[in-house]
Amino acid sequence: MSIPVAIIGLGAVADSHLAAYRELPEIEIVAVVDPRAERVRQVSERVGAPGFLDCASMLKQVRPRIACVLSTVASHRTLTEMLAAAGIHVLCEKPIANRVQDALAMKEACAHHGVQFMYGSSYRYLPAVMQARELIASGTIGRVRLIEERGVVGQGADKFVPMSAAHYPEGTPGGGGFGLFDHGVHLLDIFPWLLGSPIRRVLGRGNYTGRAMEPEFALLEHECGALGMLTYDESTVSSDLPWEGVFSHGHSWVLNEGFVGAVGEWSAGASFIRVHGTHGALRIFHYANRLFLAVPGEVRELTVPAGAAPEHFGRQLRAFIHALDRAQPAPSSIDLGIGALSTLLGIYRSAETQRWVDVK
């Protein structure tokens, strides 16, 4: 019997989730929800499921077992509390919320109503990232000293469009779709997971909705001694050279469009993570699904299992279903989302104090 799933929020990322879910015979999309009537009509016709303009209307007619909350970050608390009260399990996209108190309220609501909440830590299901974690744990590159991601991806200040106030209210931490708050939260979750070591303290600076955009950065000191580095700027011009890209074994993420392109296409600006150890280094092209190992005198590409973006969304949902069927906790718990958000907000506090901020 198919598991009924609702999709709440039909932005660009919803198309990627739906593409991945088509490959899961164990589920059935039973509802799609979004306040934009035309968007609801389009997606409803495409997936063959009833469409609704709000969650309350959906719950009067449909009771899914799982709801995938892909809506604006500012709506996550209200939707999670409503779904939990209806006895529906929640898979929620990142960031979990704008404020820690909202995330804690979401945790309390799910616990009170006895439903599971799975945080959308989707990078944990990308094959290149999974394989890199195994290599790091095995000691292949020695003790990790530095792990970093850099995203200077703009086309100039006049073409930069920040995330709307519907996502991040005016005056609160925000910025662009490939900035610290909306994207960097992925790395605040994945860096400790890759290293097997939590973040101890942070220092950095992030953007706010409604203010002039500045370059964003974060230094992350892990318990193991490794230094994490994040650098982002979408309101300047990228200096990436075309030949620095790779032929992609996955799809590329384009802001406001989702995952695009085809397997085998050249990706001139493919996103990647660098991991530097005492014996070697890794270059992880997480969306392009390619992985390189560098040791003194040699650089070689490693074979990575197929199934890159957006298929990782399907693996994520399948892992949640397996946990529910076995009455086990969600693989990526709500505490992971709260932890990533707390770390993120600690970076913003460090800019105010001009000091390192301890992560609790």
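The values are calculated or read from the model by the stated rules, or taken from the named source; none is laboratory data. Predicted model only: the values in this text are computed from it and were never measured. Neighbour counts run over all protein chains shown; Cβ positions are idealised from the backbone, glycine included. With ligands, DNA and RNA removed, areas are computed over all heavy atoms of the protein, side chains included. Shrake-Rupley method; radii C 1.70, N 1.55, O 1.52, S 1.80 Å.
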Checklist outcome for this item: Apart from one, (1) polar (S, T, N, Q); (2) over 18 Å from Gly154 (Cα atoms); (3) buried (at least 22 other Cβ atoms within 10 Å of the Cβ) all hold for Thr172; the odd one out is (3)
Next on the checklist: Six or more apart or on different chains, Cβ atoms under 9 Å: show the pairs whose first residue is in segment 294-305 and within 13 Å of Glu134 (Cα to Cα) and touching a residue at least 24 places away in the same chain (Cβ under 8 Å) and whose second is of a type in the set (D, E, K, R) and open to solvent by less than 70 Å² (accessible area, probe 1.4 Å).
Outcome noted: Leu302/Arg290; Val304/Arg290
Checklist entry - Restricting attention to segment 47-88, which residues are of a type in the set (Lys, Arg) and more than 25 Å from the chain's Cα centre (by Cα)? => result Lys60, Arg63
Checklist outcome for this item: Of those in segment 208-222 that are more than 14 Å from Trp356 (Cβ to Cβ) and acidic (Asp, Glu), the residue surrounded by the most Cβ atoms within 10 Å (Cβ to Cβ) is Glu216
Checklist entry - Do we have any residue at all in segment 176-192 that's open to solvent by 50 Å² or more (accessible area, probe 1.4 Å), over 24 Å from Met130 (Cβ atoms) and not in a strand (DSSP E or B)? => result no
Checklist entry - Does segment 41-61 hold any residues that are of a type outside the set (D, E, K, R) and either open to solvent by 30 Å² or more (accessible area, probe 1.4 Å) or more than 11 Å from Ile8 (Cβ to Cβ) (or both), and which are they? => result Gln42, Val43, Ser44, Val47, Gly48, Ala49, Pro50, Gly51, Leu53, Ala56, Ser57, Gln61
Checklist entry - Can you name the residue in segment 263-278 that is of a type in the set (Gly, Ala, Ser) and outside any strand (DSSP E or B) and, of all such residues, is surrounded by the fewest Cβ atoms within 10 Å (Cβ to Cβ)? => result Gly264
Checklist entry - What is the number of the single condition among (1) under 25 Å from Ala218 (Cβ atoms); (2) surrounded by fewer than 23 Cβ atoms within 10 Å (Cβ to Cβ); (3) in contact with a helix residue (DSSP H, G or I) (Cβ under 9 Å, 6 or more places away or on another chain) that Ala103 does not meet? => result (2)
